[in-house]
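No value in this document is a laboratory result; all are computed from the given coordinates. Just so we're clear, the structure is a prediction, and the values are computed from it rather than from any experiment. Here the Cβ positions follow ideal geometry from the backbone for every residue, glycine too, while neighbour counts run over all protein chains shown.
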Amino acid sequence: MILKEFVDREKDKNRLQSALKRADCQFIVVYGRRRIGKSSLIKNVLRADRDLYFLSDQTSEQNQRQLFAGVIATYIEGFDKLQYPDWETLLRAMNNQLKGRLTICLDEFPYMVKSCPSLPSVLQKLLNLRILKFDLILCGSSQQLMYDCVFDKKSPLYGLADEVIKLAPIPARYVMDVFDCDAEQAITEYAIWGGIPRYWELRKDYATCKQAIQALLLDTQGILSEEPQRLLRDDMRDTVQTATLLSIIGNGVSKMSEIASRAGKNANEITEPLKKLRDLGYVRREVPFDENERNSKKGIYYVEDNLFKFFYRFVAPYASLLEFGAVDAVWRVIELQMTSFVGECWENLCRKYVSGNVVEGILYDKASRWWGKVFTDDCPEGEMVELDVVTQSFDKKHILIGECKWTGTEDADRLNARLQSIAKALPFAKRKQIHIVFFTRVEPLHAEGKTIFLPKDILS
């Protein structure tokens, strides 16, 4: 199943097309995690009748040159009849025979570098000579290897790119159109598949979300049953330690000291792999609102990637059962926890919605969570509280506090009374106007006079 439309890539597509229309030939880098749609974007822009696309593999340097020569032969007749001793000879020969400007994409470029480490230096030489008659696009799925090949200061290609495009996951608001569902179902789908277009394609082959989960993730032969391991192999040297950390965090252990203890390591031994996972977008670190992220010692960790989160919550812990085909038994576990699982995604979407947005005429900064002890009239000895959404207006005069609920019908009066009591005691809210909002799955009771956001609002 292929998505009917090229979803939410118009900005990236326009940027790529604009670069290719410039007077001089361009060197462009497109990167991002596997399955995010890099190749689809590039193919959507390339002209089938004249541009060239080469998908590298993990074979020898000589074989890759021969395969590439075969691709060039579709444009330059007989080009593959000769043997080329190295990449520079091949590229110069091609360049000399071109009769007009075209675009060449080298996909999975790190594979080419793996078989020929000197290739970046060859490209650097040709780019610096400014003799190329073609636009060059480099693309790769391994974020770490693409960094090493292009963005590392030690790389010969460092600083030479005319355009760098990093593809991000597709926002949740597109799920309703792609899956033809209402906003509530869209958030459930997004909580599982995230914003990765290839996962959306696979999901659409099944009539229900349940069927898709069972076939793609719970079946040991499912296409996505080993997806996290495949992704980690692209970018991490020690996949065992990395998978261990993801499993620990995915099951609710969030503090650095506790994660290290569960992993049987000292905290300083897991600092670097956690940073790597954050850089790759698989894990995020949160600190309470109004704390400096760099200096705060209250940071807690969450699995950021939705499919990873689902996998390490519901698939990895039950691998032994699934090996025996106990898909129905594991599904019953998932059903019991699905509301809570989707609720975590709902909170994250609500924070993203408020961030940089105007709510009741006020423009707010980035939203985050807050947790800590407050002293209220009802609890003068102090109580630990957690707020789902907290942000400050850009003029620093207003504080927005939000409560997120992904359960049944809530009582807005009860929720409001609780937040009003807490708001007065918040250390960062003094001399600022407090605004309380609610994010609920369905319309709450006693909603009159209160600011309520429903799924359809968040995905609008």
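Here are the numbers for this structure:
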quantity	calculated
In segment 197-283, the trypsin sites (Lys or Arg not before Pro) that fall in loop regions by DSSP, at most 12 other Cβ within 10 Å	R237
DSSP-loop chymotrypsin sites (Phe, Trp or Tyr not before Pro) across segment 408-445, with at most 16 other Cβ within 10 angstrom	F428
In order through segment 86-91: 3J(HN,Hα) via Karplus (6.51 cos²θ - 1.76 cosθ + 1.60), integer Hz, x for Gly, Pro	7, 5, 5, 4, 4, 5
Taking only Cα atoms of segment 10-166, radius of gyration then Dmax in Å	14.5, 41
Length added when fully stretched, T407-S421, from 0.36 nm per residue minus Cα-Cα	2.8 nm
Check: the chain dipole with +1 on Lys, Arg Cβ and -1 on Asp, Glu Cβ, in debye	1460
Net charge, L119 excluded, C-beta distance under 12 Å - Lys, Arg +1, Asp, Glu -1	0
For segment 100-111, 3J(HN,Hα) per residue [Karplus equation, 6.51 cos²θ - 1.76 cosθ + 1.60, θ = phi - 60°, Hz, x = Gly/Pro]	x, 6, 8, 10, 10, 10, 9, 8, 6, 3, x, 5
Likely footprinting exposure, T339, T188, fewest C-beta neighbours within 10 Å first	T339, T188
For segment 275-351 and segment 230-273, distance of Cα centres in Å	13
Reachable aspartates and glutamates, given that their alpha-carbon falls under 19 Å from the alpha-carbon of K43 and they are not under 8 places away in the same chain	E5, D8, E10, D12, D51, D57, D107, E108, D135, E163, E201
Distance between segment 64-85 and segment 425-460 - C-alpha centres, whole angstrom	63
Low-density loop positions, trypsin sites (Lys or Arg not before Pro), segment 131-176 - DSSP coil, at most 12 other Cβ in 10 Å	K153, K154
Mean-position separation - Cα centroids, segment 46-63 and segment 187-220, in angstrom	31
Options G264, G195, A215, ranked by Cα towards positive dipole end of segment 119-275, top entry (Cβ charges)	G264
Per-selection Rg to Rh, segment 313-460 - Cα, Kirkwood hydrodynamic radius	1.07
Packing-based ranking, highest mean first, of 213-220, 357-364, 60-67 given that Cβ atoms within 10 Å are counted	213-220, 60-67, 357-364
Of A73, C25, V45, farthest towards positive along the dipole that unit charges on Lys, Arg, Asp, Glu beta carbons give segment 21-103	V45
